[in-house]
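Working notes for the structure below.
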Amino acid sequence: MKKQILIAPNSFKECADSVTIAELIRDNLISLNNAELIIKPISDGGDGFLNVCRFYFGGELKNYRITSAYDNSKFNCPILYCEKRNEIYIESAVVLGLKVVPILYRNPLRLTSRGLGELLLQIENDVHSAKIKVERVYIGIGGTATIDMGMGMMAELGLKLLDSNGGSLSVIPDNFHLAKDIEYKPLKFSFEVVPVVDVTNPLLGPIGGIKVFGKQKNADEMIISILEDKFSHLTNLFEKNGLTVSSNTLSGAGGGIPAAFQIFYKTRLLQSSEFIKDNLGLYKYENNVEYLITGEGAYDHQSGFGKGVGVVMHLFNSNVEQVFLVCGKINAGSIPKLPKYVFPIEISKYFSSEVESITNYKEGIKKACQDIVKQLNF
């Protein structure tokens, strides 16, 4: 009887999305005669979310013209429209992620999630005019360059921050401390908004999203401290205006975008673990595979905060003979903490530099698969 091998990687940032990586692994293992290779690429809401959703659900890509996160320039932003399911999928990394914000402009105090609000507004208008029929809009939250608590988005959906003279403020983090009052006339969506969050960290505090992931978004310790103070000022202001705000339950994913949905729409968040297990259907294989191959671009302690690879390894932890963790880089401190049944493979070690390993990721995957074949010894 053939051995069942589940291939379920996340995306490799700066290299390829998870669908491409999964297919590469399959193609390099195709010679295993005693194995059935099952392709199930994953996404936790971050980079590659659209491609994974299209892989599972089909649909067509549609473009909406929105404002960038760093200036007033416009660009075409793709979304996935699944007409048969009456669903739309949005990847926040495509809207306002690190890959669409040039390094020169990555100042978290000046960046805004405004474009996401514009996108939702245009979708609502298209639904209202019967151009499309939508019951649910899933937003993959992850890989963002912004850290604005979703306030830029909310400014397009009915929120105004007012200064001491009652004037409207430009809704960027740099101005949050100047807000003395708010006006809010909420846009009511005709569809359910479902944020898919890639981490479980709260917004603020020692393990808050700002503190843990801020450095990825070009925020140093001083900027992180400033952002936390500005966010605390806003949440206090919201409470004074009758909004229920619990800082312990506000999500720190995606620079705090889900927190805006929680505060203003009382939205229930969909954790990446639920999305991967139930929506992508990986639960069906929980007791039916002998081996798991997963991985991502970089694996470290943050991968355990609800990131895709951590979710998959936890899901299959007691049900497989071995897990192969294939990553571009694996933090040295994380390797001793891996369970004994996890076999780590670090692609960067096949090359003389990190840049070389990224450029030649296809060759790296090939070499990793050769090591997997040796370990399987079928």
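The values are calculated or read from the model by the stated rules, or taken from the named source; none is laboratory data. All values reported here derive from a predicted model rather than from experimental measurement. Neighbour counts run over all protein chains shown; Cβ positions are idealised from the backbone, glycine included. Just so you know, the surface numbers come from the protein's heavy atoms only, side chains and all, with ligands and any DNA or RNA stripped out. Shrake-Rupley method; radii C 1.70, N 1.55, O 1.52, S 1.80 Å.
Things worth noting here:
- Entirely in segment 1-102, the strands (runs of 3 or more DSSP E) that have 2 or more residues that are open to solvent by 30 Å² or more (accessible area, probe 1.4 Å) and over 20 Å from VAL193 (Cβ atoms): 3-7, 35-39, 60-67, 74-82
- Residue count for segment 25-50 under the criterion of being in contact with an Asp or Glu (Cβ under 8 Å, 6 or more places away or on another chain), on the phi < 0 side of the Ramachandran plot and in contact (Cβ under 8 Å) with a residue 40 or more places away in the chain: the result is 5.
- Filtered residues of segment 212-248 (kept if closer than 16 Å to THR144 by Cβ and open to solvent by 60 Å² or more (accessible area, probe 1.4 Å)): LYS215, GLN216, ASN218
- Flag for HIS314 being surrounded by fewer than 22 Cβ atoms within 10 Å (Cβ to Cβ), within 20 Å of the chain's Cα centre (by Cα), in contact (Cβ under 8 Å) with a residue 40 or more places away in the chain and in a helix (DSSP H, G or I): yes
So that you can scan it fast, the table gives a plain yes or no per residue for (1) more than 19 Å from ILE141 (Cα to Cα); (2) buried (at least 23 other Cβ atoms within 10 Å of the Cβ); (3) in contact with a helix residue (DSSP H, G or I) (Cβ under 7 Å, 6 or more places away or on another chain):
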{"site": "LYS284", "(1), (2), (3)": "yes, no, no"}
{"site": "GLU290", "(1), (2), (3)": "yes, no, no"}
{"site": "ILE293", "(1), (2), (3)": "yes, yes, yes"}
{"site": "GLY297", "(1), (2), (3)": "no, no, no"}
{"site": "SER318", "(1), (2), (3)": "yes, no, no"}
{"site": "ILE330", "(1), (2), (3)": "yes, yes, no"}
{"site": "SER334", "(1), (2), (3)": "yes, no, yes"}
{"site": "PRO339", "(1), (2), (3)": "yes, no, no"}
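- Any hit, segment 283-305, residues being at negative phi, part of a loop (DSSP other than H, G, I, E, B) and basic (Lys, Arg): no
- Strands (runs of 3 or more DSSP E) contained in segment 106-185 and holding at least 3 residues touching a residue at least 40 places away in the same chain (Cβ under 8 Å) and farther than 22 Å from GLY214 by Cβ: 136-141, 181-184
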